[in-house]
Amino acid sequence: MTQPLPLKGIKVFDLTTAAAGPWSTFLLGALGADVLRIEPPRADIAVTVPPRVTGMGVLYIACNMNKRTVALDLTQPDDRAKADRLLKSADVFVENMRPGAAKKLGLDRDTLATKNPGLVTVSISGYGQRGPMATEACTDPLAQAYCGWTSITGAPGGRGEFLRYYAQVDLTTASFAAEAVLLALFERTRTGVGKHIEVALVQSGIALQSTRIAEYLATGEQPRPMGSAAASTAPNQAFRGEDRRWFTVSVESEAQWSALVSALSNPALEDTRLGTNAGRVAHRGELASLLSAHFGTRPARHWLLTLSRAGVPAAPVLGYDQLDGNPQIATNQLLARLATHWGTLDTVSLPWSFNGERPPLTSAPLPGSGTASWEASE
Amino acid sequence: MNALAGIRVLELLADTAGSATAMHLAAAGATVLKVELPGGDPLREWEPRRPDGFAAAFAELNRGKRSIAQTAGETLETPWLASLIAGADVLIVSHPATSLESVTNLAAMHPRLVIAVTSPFGETGPMSGRPGSELAAQAMSDTFGSLGQIGEAPVRLGADASIVSTAIFTTQAIAAALIVRESTGAGQIVSTSNLGSLLAVRNVIWTALSNPDEWWGFHLDSWTRPPEHGYATSDGTIFFNLWRGDSEDWDRLLVELDLYETATSDPRFSEYGRQAAGTGRYAADLKSTWEAALSNRTSEEAIGLFKEAHANVVPVHDYESLFADPHFPHLGMLREVAGSATPVVALPWEEEGVPWMIPSLDEHGAAIRADGWSAA
């Protein structure tokens with residue numbers, strides 16, 4: 001980047017393992033913070049859990065970019081003294097131990113803030129810091145199960161299903177945590193005082209469903225799995241072209257409905273019952289059948305072009321192998337290929353740009369590899 | 001959180017993700033004005049409706065804002081709107097509804113302004129001028145690859161993950177830009193997209209798929225597995241993994257579930273069942289064995305058994321059972337709405353505050369046209 005990174009000069013003490021904690025500090029590192037990952041004496045599960053690349057867990061590689069790392073055993077007096085020195089001048093402290101563990105180590109908010117009132121402290125947990133489940137172990141799929149989202153996902157009429165990407169809740173939790181840290185750092189520029197942030201996996205899973213839970217709160221009725229369709233508007237689902245390829249159509253406004261009707265020139269769509277979103281939602285089954293028959297007469301590519309020209313939201317269904325060559329993804333650099341210590345690998349591109357520039361990515365460090373150089377600089 | 005107290009945010013004809021971003025900023029204490037099209041934000045027409053008449057999704061994404069509706073023919077140069085832009089700290093717009101040229105011009109005219117641009121697919125490329133949707137972002141990010149059954153119709157993730165993720169990332173970028181402005185005095189343009197945001201939170205799977213040593217591990221084999229529903233009990237569904245128990249825990253569990261002979265003669269149950277359940281390597285193959293053993297146990301009984309065996313176990317909730325769960329109130333995830341018995345869902349970091357207001361279309365239009373930000 002030609003301009004300084006936004007968090008240049010901010011020091012992050014990263015006492016996290018697995019995914020939700022490490023990805024939150026990765027985001028801060030990508031924004032320019034100096035993130036010092038404290039490598040635990042027992043290997044982080046992210047290092048060992050398969051799949052692995054050149055022997056290293058992909059979870060570690062994906063969640064620890066843009067950081068330095070030192071090995072410290074905080075139960076040993078020498079290492080603890082080093083940690084305390086670091087914490088005195090740190091701006092952000094992030095931990096994701098079980099609730100209560102940080103306090104046992106003297107790393108709770110109250111203790112840390114006494115020595116460093118400007119410190120922003122973050123506790124990331126599975127089920128929150130209070131309540132009967134607070135100290136239970138949690139992982140992404142357990143959070144998915146608890147937070148209710150399997151009840152709204154799946155084939156119509158079937159049992160609800162999990163998202164079989166078991167890091168979505170983890171990385172969303174990480175994102176919420178980084179969001180709160182940035183807001184707290186901005187507040188600190190005005191008050192000089194840090195604050196404490198708590199974020200939990202199941203909270204994030206619930207927040208991800210806010211618009212669906214809103215449906216339940218509004219009606220008292222449990223939303224059901226609807227395949228690719230949405231409860232809020234219709235049509236808003238996947239259809240198949242003559243070539244049997246799937247594509248999506250989402251009508252989310254009256255203007256888009258008018259555009260669809262005009263583009264398809266099918267008199268059946270001019271049925272007055274379909275003239276409002278409420279009417280289309282009420283007759284969604286009939287509408288879906290009508291459109292399925294219509295879209296089955298030409299290939300998906302034809303409909304993507306037709307709908308695109310008309311201004312109706314439509315998209316192809318892409319698999320992993322199609323992402324790489326997709327011109328929209330490539331032109332906007334939405335995926336990246338990064339030289340890491342374990343080879344050149346696909347990774348995320350960062351989700352934001354600043355004045356058109358994306359901050360640079362750097363490989364996750366070899367665990368504990370920065371200890372010698374850091375101690376030399378101490 | 002009052003981190004943004006005193007910060008003025010103008011949401012100008014934003015898309016759903018931009019609108020969600022403005023809600024996050026309101027939750028962080030900012031003053032937010034929502035400028036809507038003459039007919040109002042299309043979300044006002046989404047289904048279902050709350051008892052107070054607001055569309056459920058609209059209420060969730062627009063709490064804490066004030067509304068002013070444009071009238072036909074009004075532009076960015078119309079005095080009341082130009083004045084609001086001039087007085088704002090943050091402007092949220094969406095591409096393609098607002099052109100990139102307009103954004104550049106606004107940035108030149110208002111050098112302290114932080115301008116956030118959200119778009120469905122990114123600001124350049126063949127799809128940059130097209131409208132998007134939650135479903136489109138899921139379709140193009142291979143989210144469908146983690147759901148449903150191979151060869152069957154696509155299944156969407158029920159949660160609006162691209163909208164929520166874009167709102168989080170855009171709020172991050174705005175906060176970062178505000179931090180920079182405190183020291184430099186200069187605003188900047190920050191950009192995000194629904195597609196980019198959803199691809200970002202799928203980070204782990206891209207790395208997993210690109211060059212694994214061996215084709216196994218839950219980020220790989222789950223890709224081709226059948227749908228995961230959890231484990232049916234006699235009255236519900238639970239989910240568990242067996243990562244922590246020892247031999248005593250394991251033997252006791254197997255005896256209780258009458259699985260001792262089955263499990264001790266099948267190597268897939270080795271290591272105290274580590275790979276036999278949850279996201280383990282053989283979990284899908286052994287699902288029916290576990291479900292047969294649990295068929296005469298209630299979820300409560302089964303959860304008790306697994307907890308005794310030091311398993312990680314939870315009920316698979318729907319909303320009714322989630323809200324009834326004794327732990328749920330401790331999560332603090334509901335907030336009051338003024339004058340309504342129907343709450344809204346909180347953000348994880350959101351502090352308790354006064355009940356939220358939900359704006360009717362142009363509810364604050366007359367006052368804001370007359371008095372600008374001081375009426376906000």
> When only Cα pairs under 8 Å and 6 or more residues apart are kept, what is the percent relative contact order across chain A?
Replying inline: 18 percent
> Are there GluC sites (Glu not before Pro) in segment B:51-150 that DSSP marks as loop and that have at most 10 other Cβ atoms within 10 Å, and which are they?
Replying inline: B:Glu77
> So which of A:Lys67/A:Lys104; A:Lys8/A:Lys115; A:Lys67/A:Lys195; A:Lys8/B:Lys34; A:Lys8/B:Lys65 end up more than 25 Å apart by C-alpha?
Replying inline: A:Lys67/A:Lys104; A:Lys8/B:Lys34; A:Lys8/B:Lys65
> For the protein assembly as shown, which semi-axes, largest first and in whole Å, follow from the square roots of 5 times the eigenvalues of its Cα gyration tensor?
Replying inline: 38, 34, 24
> Fewest first, what order do B:Ser247, B:Ser146, B:Ser360 take by the number of other Cβ atoms within 10 Å?
Replying inline: B:Ser247, B:Ser360, B:Ser146
> Rg (Å, one decimal) plus Dmax (Å, integer) for the alpha carbons of segment B:259-311?
Replying inline: 10.9, 29
> Could you list, bin by bin from short to long, the percent of Cα-Cα pairs of segment B:156-247 in 10 Å steps?
Replying inline: 12, 24, 28, 20, 11, 4, 0
> Using helices alone, what [θ] at 222 nm do you get for chain B, with -39,500 (n - 2.57) per DSSP H run of 4 or more residues, divided over all residues and rounded to the nearest 500?
Replying inline: -10500 deg cm²/dmol
>> I'd like the antiparallel share, as a percent to the nearest 5, of DSSP beta bridges with both residues in the protein assembly as shown.
In response: 40 percent
> So, counting K/R as plus one and D/E as minus one, what does the shell of residues with Cβ under 12 Å around B:Ala276 add up to?
Replying inline: +1
> Using the Cα gyration tensor of segment B:1-90, with a ≥ b ≥ c the square roots of its eigenvalues, what is the shape: rounded (a/c below 1.5), prolate (a/b larger than b/c) or oblate (neither)?
Replying inline: oblate
>> I'd like the distance separating the alpha-carbon centroids of segment B:69-122 and segment A:128-181, in whole Å.
In response: 36 Å
>> Using Cβ contacts closer than 10 Å as the measure, can you line up B:Val32, B:Val103 from fewest to most?
In response: B:Val103, B:Val32
>> For segment B:1-130, what does the relative contact order come out to in percent, with C-alpha contacts under 8 Å and a separation of six or more?
In response: 27 percent
> Roughly how many whole Å is it from the C-alpha centroid of segment B:155-217 to that of segment B:220-284?
Replying inline: 34 Å
>> Run the reach check for B:Lys287 against lysines, Cα to Cα strictly under 30 Å, same-chain hits fewer than 8 apart removed. What comes back?
In response: B:Lys307
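Values quoted throughout were computed directly from the atomic coordinates according to the rules given, and no laboratory measurement underlies them. Computed from a predicted structure; not experimentally measured. Here Cβ is always computed from backbone atoms with ideal geometry, including for glycine, and neighbour counts include all displayed protein chains.
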